[in-house]
1. Test A184 against the criterion of being of a type in the set (G, A, S), open to solvent by less than 30 Å² (accessible area, probe 1.4 Å) and under 30 Å from the mean Cα position of the chain (by Cα), and give yes or no.
2. In region 234-267, what count of residues is obtained for those that are in a helix (DSSP H, G or I) and under 17 Å from L191 (Cα atoms)?
3. Looking at Q47, Q36, Q88 in this structure, which one is modelled with pLDDT under 85, among the polar types (S, T, N, Q) and not in a loop (DSSP other than H, G, I, E, B)?
4. Of all residues being small (G, A, S) and modelled with pLDDT of 90 or more in region 122-154, which is farthest from A92 (Cα to Cα)? Just the residue, please.
5. Looking at region 158-178, is at least one residue within 25 Å of the chain's Cα centre (by Cα) and within 30 Å of T84 (Cα to Cα)?
6. Under 6 Å by Cβ, and 6 or more places apart or on different chains, what pairs join a residue from region 12-24 that is within 12 Å of A34 (Cα to Cα) and open to solvent by less than 70 Å² (accessible area, probe 1.4 Å) with one that is assigned to a loop (DSSP other than H, G, I, E, B) and of a type in the set (S, T, Y)?
7. Among the residues of region 32-46, is there at least one that is under 21 Å from the mean Cα position of the chain (by Cα), within 19 Å of A181 (Cβ to Cβ) and open to solvent by 70 Å² or more (accessible area, probe 1.4 Å)?
8. Check region 253-262 and report whether any residue there is surrounded by 13 or more Cβ atoms within 10 Å (Cβ to Cβ), closer than 14 Å to L211 by Cβ and among the hydrophobic types (A, V, I, L, M, F, W, C).
Amino acid sequence: MRLLKGKLRLRQVTRLMENGHQTPILTSRRDLPAAQVAYRMFDRWRQEIFFKYLREEYALDALVEYAAVPDDPTREVPNPAWATVDAQLRQAHAHLDRLQAEYGLEALTNLEHQRRTMRGFKIAQGKLGQKIWSAWQRVLQLEKRRAAVPRRVPVQDVTQEPVVKLAPERKHLTNLIKMVAYQAESDLRRLVTPYYRRADQEGRTLLQAALASAADLQVTQKELRVTLAAQSSPHRTRAIAALCEELNLTKTVFPGSRLRLRYAIGETV
């Protein structure tokens, strides 16, 4: 496939699922086998899902730093003027589509014994035709106006205030902690999967509920015993009990001490 008068050459790789669903992938990489292209594409989707989950469950985008440092004033950002014209253009297209649909419906229901020719139909629908013509002219005007507006401009062109950004150091650190927490959650989900039938759909919810539940702590000479409260249903409690046994096999020592962590869960009342 060649675009831009042959300057851009693309190839299409299509992934066929067992249920018949097909996913077409366009790429300019001709040095990779088809399987590698498909793998990289779906791996990208997994990354997007990962960050979406972190934003929703771990507040990845939450502000953790209010100190400001100077930013590059020539850094390009989306142009608000372009966005305004683009929104107007989308509304104009929608209005034109509605008028054209109305015109088509009138043509479909036109009674031939009343208007036998297209000329007669156009005369009868003259007002609607004029509205369509005006709407079409509006679309052309907005397309021309949008084409004359740059889509991205230097940030200094859209604000009169000093160009600054949040200091990144603390946010980088907290984001790293959140990602590590997500990885720990993923490891726990993998451990609990054999004991929970709906682990793929509800595994993370199960773990979040368990981590947020109350617990009793008991310190002995050699152990720090953590006994979680029973979960909302017997099958959830059994799954967390099995997870506790898996964690106990790791013989993890509480940081800064010689106490071995031992997990358990209370019985369902």
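The values are calculated or read from the model by the stated rules, or taken from the named source; none is laboratory data. All values reported here derive from a predicted model rather than from experimental measurement. As a convention, Cβ positions derive from the backbone with ideal geometry for all residues, glycine included, and neighbour counts pool all protein chains shown. When the accessible area is computed, the model is the full protein with side chains, heavy atoms only, and any ligands, DNA or RNA have been set aside. Shrake-Rupley method; radii C 1.70, N 1.55, O 1.52, S 1.80 Å.
1. On the way: of a type in the set (G, A, S): yes; open to solvent by less than 30 Å² (accessible area, probe 1.4 Å): no; under 30 Å from the mean Cα position of the chain (by Cα): yes.
Criteria not met by A184.
2. Residues of region 234-267 that are in a helix (DSSP H, G or I), as a first pass: 234-248.
Those left that are additionally under 17 Å from L191 (Cα atoms): 235-248.
Here the count works out to 14.
3. Numbers: Q36 fails: modelled with pLDDT under 85; Q88 fails: modelled with pLDDT under 85.
Matching residue, one of Q47, Q36, Q88: Q47.
4. In this case the residue turns out to be A148.
5. yes
6. Once the first residue is within 12 Å of A34 (Cα to Cα) and open to solvent by less than 70 Å² (accessible area, probe 1.4 Å) and sits in region 12-24, no partner that is assigned to a loop (DSSP other than H, G, I, E, B) and of a type in the set (S, T, Y) comes close enough.
7. yes
8. So far as region 253-262 goes, no, none of its residues is surrounded by 13 or more Cβ atoms within 10 Å (Cβ to Cβ), closer than 14 Å to L211 by Cβ and among the hydrophobic types (A, V, I, L, M, F, W, C).
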